[in-house]
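The values are calculated or read from the model by the stated rules, or taken from the named source; none is laboratory data. Bear in mind the structure is a predicted one, so any value in this text is a computation, not a measurement. Quick reminder, even Gly has a Cβ in these numbers, built from the backbone with ideal geometry, and neighbours come from all protein chains shown.
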Amino acid sequence: MEKNIILAGVGGQGILSIAFVIDHAAMDAGYHFKQAEVHGMAQRGGAVQSNLRYADREIFSDLIPAGKADLVLSVEPLEALRYRQYLRPGGWVVTSTTPFVNIPDYPESDTLLGKLAALEHVIMVDTAHLARAAGNRRAQNMVAVGAASPMLDFEETRLLAFVERLFARKGEKLVAVNQRAFRLGRAAGLFFRHSVAAGLAKLDSLRLLRKLDPDSIDPAQAEAWAAAIEDDAALLDRVLGSEGTVACDDVPLVA
Amino acid sequence: MNKEILLGDEAVGLGAIHAGLSGVYGYPGTPSTEIFEFIEQRTRKGGNVHAFWSTNEKVAYEEALGMSWAGKRSLVCMKHVGLNVAADAFMNSAITGTNGGLVLAVADDPGMHSSQNEQDSRYFAEFALIPCLEPGDQQECYDMIFDAFELSEALRVPVMVRLVTRIAHSRTAVDTREPREQNELKPDKQIRKWTLIPVNARVQYAGLTEKQPELVQRAEESPANALDLRGGTGVIACGLAGNYLFENLEPDHDYSVLTIRQYPIPPEKVRALLDRVDDLLILEDGYPLVENRVRGLFGLEGVHIRGRMTGEVPRTGELNPDIVRKALRLEPLPTACDAAGDLSNRPPALCKGCPHTDSFRALNDALEGFDDPQVFSDIGCYALAALPPLEAVHSCVAMGASIGMAAGAAHAGYSPAVAAIGDSTFSHGGITPLMSAVQQGVNLNVLVVDNSTVGMTGTQRSMSTGTTLDKIILGTGVSEDHFRVIEPIPRNHEQNVAVLQEELAFDGPSVVVARRPCIEAQKKRAH
């Protein structure tokens, strides 16, 4: 077993907090791991990445070779595209769709989301939306790692234990917010993946997820939603046009 | 034995503490900063380790040497270009020799992630005739600090531990040992050893050269220099480069491999490798030091040597597993997709609300009306003012160089000669050139952007900020009439431009201090 992850984002978005959670889970599980990160000048609002590797055998290079990355986990949609040449065939991109715009030539949102949706193996989550629902917009990094967590080789409870350790110093409230963000991200990521596997278009799944009550998102309903939308072409527009949020388990009713 | 998750830098720091460290010295500089910071934080609540940032690397080195003179173990850490600043003390400390163990941890920056150059500190170790250890992973960062102190006390010379960015800033779990006691206070009063007047220095230097065979012998015998003889194609992999090599090889590969992690280069081991192979690839993260030494001026008969000098490895830049794969003539691994060619870059930038933005906006406006004015700048966050949208500064060379270069340009008749420098860089290297310029009455304008911290490296303590800075500036002889303090906030823009214009109009040395704390530092202090 060997897992190679490129964590991507913009300086200040908290990718090293994601690394903290995975590093500790890897050590806890008895794996070898190495995690290279960026310090110094590049942290000042620039593109940052961290190469995180864990395996059940010795790891040599701190950097992931091109063609060996299993996962690009990005807290920012433009940054998700920056490292895709490292992905092995079959590798995944898990990305936030919340843009961090601090450059003049930032691409149009539709163009960017279209490029991401064109990737074969991609999970897209609206991290700002879910982090707000969890209680703090800064918890987007935990939404992202939650969305990627089913691809990691650790129990959800172990990962949540290290989210707790990471924020313990900052008080119970922040621990709860960040754990909630993780859970919302995990549910949304799974829902996205299952609905897309069942035939729903990626950008439609993303739109639907924004409309669902975040706490109600249940990956087990993803197939039913995909099937209902396939059966009734106007369903998605009706759902998106309805008042307020929609409960995930309302799918039979709407249908 | 415990396990801790540590950066390479932190592993060096913890190794030093556990090896009986009494004092750590340094000046912040990426990628070395976290060595000092780790020790400072770990020993804050006890442990009796002196940990206080120094004014610059030369001061740090001299303090470390004094600690060694007193019999205790000291660690001095800096980035590669910091060793240029410390070079006077460093070179001569090899001549005096040491008493308590003295270890120099220097972090090079191949690929220039956060630096002006990618100079290779191994040359400095060779130049000074001292041993250099080059850890290949974070565990070795920890372990080699013990070896370095032992070596220093056995040979009575300083020992360099050379890191590179990729090892300094990568984390893994490190096994730690039982801490060793600190040394007793035991000053070395051999006056002729420490007093390098020529009559003594000649004796000391001869003594240093006489130690060289033992340095070589220790490198030959060191398990850090491992020779694994297999087939007729050979690789020498130095330090971290070994990781990129083994990343690309199967365990049952047929290469003969020499890994070098302790210098001087062990000639017998190199000879044994050369006797086995007819094709030799040399991998080192930095300059082609080993490659050039092994090849010599004219190459070796019967062995084809490949590396940075022959183009199989790029002449400049950081190594990575892909470069090494190509140099091994292995096929690239298949990938899911090609690089996105048209992706917008996201360069680093000054933070939102940064005082430097207001300072340089004011400077830009004050300089309007001059024909394409050039501003000499320095090392710090404000070097980012070189980029759009500000494009306010036009040089960045060495710590303190802004003032010296502006003075030189003024000597040549260039006007306005403007230098921009931060408060910490000013204390590091700006005081002496200012003193020179003021004493010479040079027509130059210095803008000191005083944000009260060392911003770029993570908001360490600045030595000269606030009233201390003001007193130093006035102490160089700047006239009180031409020493001005402004507060760089948007609301003050017009009056700040006016102050700068007045000083630009003055024919003589003037200093304007733009004073407002770094917003990052304020955020950190609030936490």
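A few points about this structure:
- Qualifying positions in the range A:97-130 - farther than 24 Å from A:Gly199 by Cβ and among the hydroxyl-bearing types (Ser, Thr, Tyr): A:Thr98, A:Tyr106, A:Ser109, A:Thr111, A:Thr127
- Residues within the range B:393-419 that are part of a loop (DSSP other than H, G, I, E, B) and either more than 24 Å from B:Asn117 (Cα to Cα) or within 14 Å of another protein chain (Cβ to nearest Cβ) (or both), tallied: 6
- If the condition is being under 17 Å from A:Leu16 (Cβ atoms) and over 19 Å from the mean Cα position of the chain (by Cα), then the range A:168-185 contributes A:Ala168, A:Arg169, A:Lys170, A:Leu174.
- Evaluated against (1) under 16 Å from B:Val174 (Cα atoms); (2) more than 9 Å from every other protein chain (Cβ to nearest Cβ); (3) surrounded by fewer than 24 Cβ atoms within 10 Å (Cβ to Cβ); (4) charged (D, E, K, R), A:Glu2 falls short on exactly one condition, (1).
A quick yes/no check of all residues on (1) crowded, with 24+ Cβ neighbours inside 10 Å; (2) closer than 17 Å to A:Ile22 by Cα; (3) in contact with a strand residue (DSSP E or B) (Cβ under 7 Å, 6 or more places away or on another chain):
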position: A:Glu37; (1), (2), (3): no, yes, yes
position: A:Arg44; (1), (2), (3): no, no, no
position: A:Asp56; (1), (2), (3): no, yes, no
position: A:Pro89; (1), (2), (3): no, no, no
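- Helices (runs of 4 or more DSSP H) contained entirely in the range A:89-188, each with at least 1 residues that are within 14 Å of chain B (Cβ to nearest Cβ) and touching a Phe, Trp or Tyr at 6+ places or on another chain (Cβ under 9 Å): A:109-117, A:156-167
- When restricted to residues that are away from chain A (no Cβ under 11 Å), touching a residue at least 40 places away in the same chain (Cβ under 8 Å) and surrounded by fewer than 21 Cβ atoms within 10 Å (Cβ to Cβ), the range B:321-365 contains 4.
- Screening the range B:206-254 for residues that are away from every other protein chain (no Cβ under 14 Å) and among the hydroxyl-bearing types (Ser, Thr, Tyr) and picking the one that is surrounded by the fewest Cβ atoms within 10 Å (Cβ to Cβ) gives B:Thr209.
- Residues in the range B:285-330 that are touching a Phe, Trp or Tyr at 6+ places or on another chain (Cβ under 7 Å) and assigned to a helix (DSSP H, G or I) were compared, and the one that is farthest from A:Asn4 (Cα to Cα) is B:Leu289.
- Residue in the range A:38-57 that is touching a helix residue (DSSP H, G or I) at 6+ places or on another chain (Cβ under 7 Å) and without any contact (Cβ under 8 Å) to a residue 24 or more places away in the chain present: no
- Enumeration of residues in the range A:29-69 that are out of contact with any Cys (no Cβ under 7 Å at 6 or more places or on another chain), at positive phi, within 9 Å of chain B (Cβ to nearest Cβ) and in a loop (DSSP other than H, G, I, E, B): A:Gly67
Listed here are the residues, each with its yes/no results for (1) surrounded by 19 or more Cβ atoms within 10 Å (Cβ to Cβ); (2) of a type outside the set (A, V, I, L, M).
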| residue | (1), (2) |
| --- | --- |
| A:Gln85 | no, yes |
| A:Ala128 | no, no |
| A:Ala147 | yes, no |
| A:Glu156 | no, yes |
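- Test for B:Glu140: is it touching a residue at least 40 places away in the same chain (Cβ under 8 Å) and part of a helix (DSSP H, G or I): yes
- Unmet criterion (only one of (1) farther than 30 Å from A:Pro77 by Cα; (2) at pLDDT below 95) for B:Leu343: (1)
- The condition (being buried (at least 24 other Cβ atoms within 10 Å of the Cβ), within 14 Å of chain A (Cβ to nearest Cβ) and either over 23 Å from B:Gly430 (Cβ atoms) or at pLDDT below 95 (or both)) is satisfied by just one residue among B:Ala16, B:Ala107: B:Ala107.
- Lone qualifier among B:Pro334, B:Pro266, B:Pro314, B:Pro288 - being outside the structural domain of B:Pro158 (by TED's automatic domain parsing), modelled with pLDDT of 95 or more and in contact with an Asp or Glu (Cβ under 6 Å, 6 or more places away or on another chain): B:Pro266
- Whichever residue in the range B:171-202 is surrounded by 14 or more Cβ atoms within 10 Å (Cβ to Cβ) and of a type in the set (A, V, I, L, M, F, W, C) and, among such residues, is nearest to B:Gly71 (Cα to Cα): B:Trp194
- Qualifying helices (runs of 4 or more DSSP H) (wholly inside the range A:189-255; at least 2 residues being closer than 25 Å to A:Val75 by Cα): A:202-211
- Single condition A:Val72 does not satisfy, out of (1) in contact with a Gly (Cβ under 8 Å, 6 or more places away or on another chain); (2) facing chain B (nearest Cβ under 7 Å); (3) surrounded by 23 or more Cβ atoms within 10 Å (Cβ to Cβ): (2)
- Residue within the range B:382-392 that is out of contact with any Pro (no Cβ under 8 Å at 6 or more places or on another chain) and away from chain A (no Cβ under 14 Å) present: yes
- Scan of the range A:70-88 for residues that are closer than 21 Å to B:Arg166 by Cβ and assigned to a helix (DSSP H, G or I), ordered by number: A:Glu79, A:Arg82, A:Gln85, A:Tyr86
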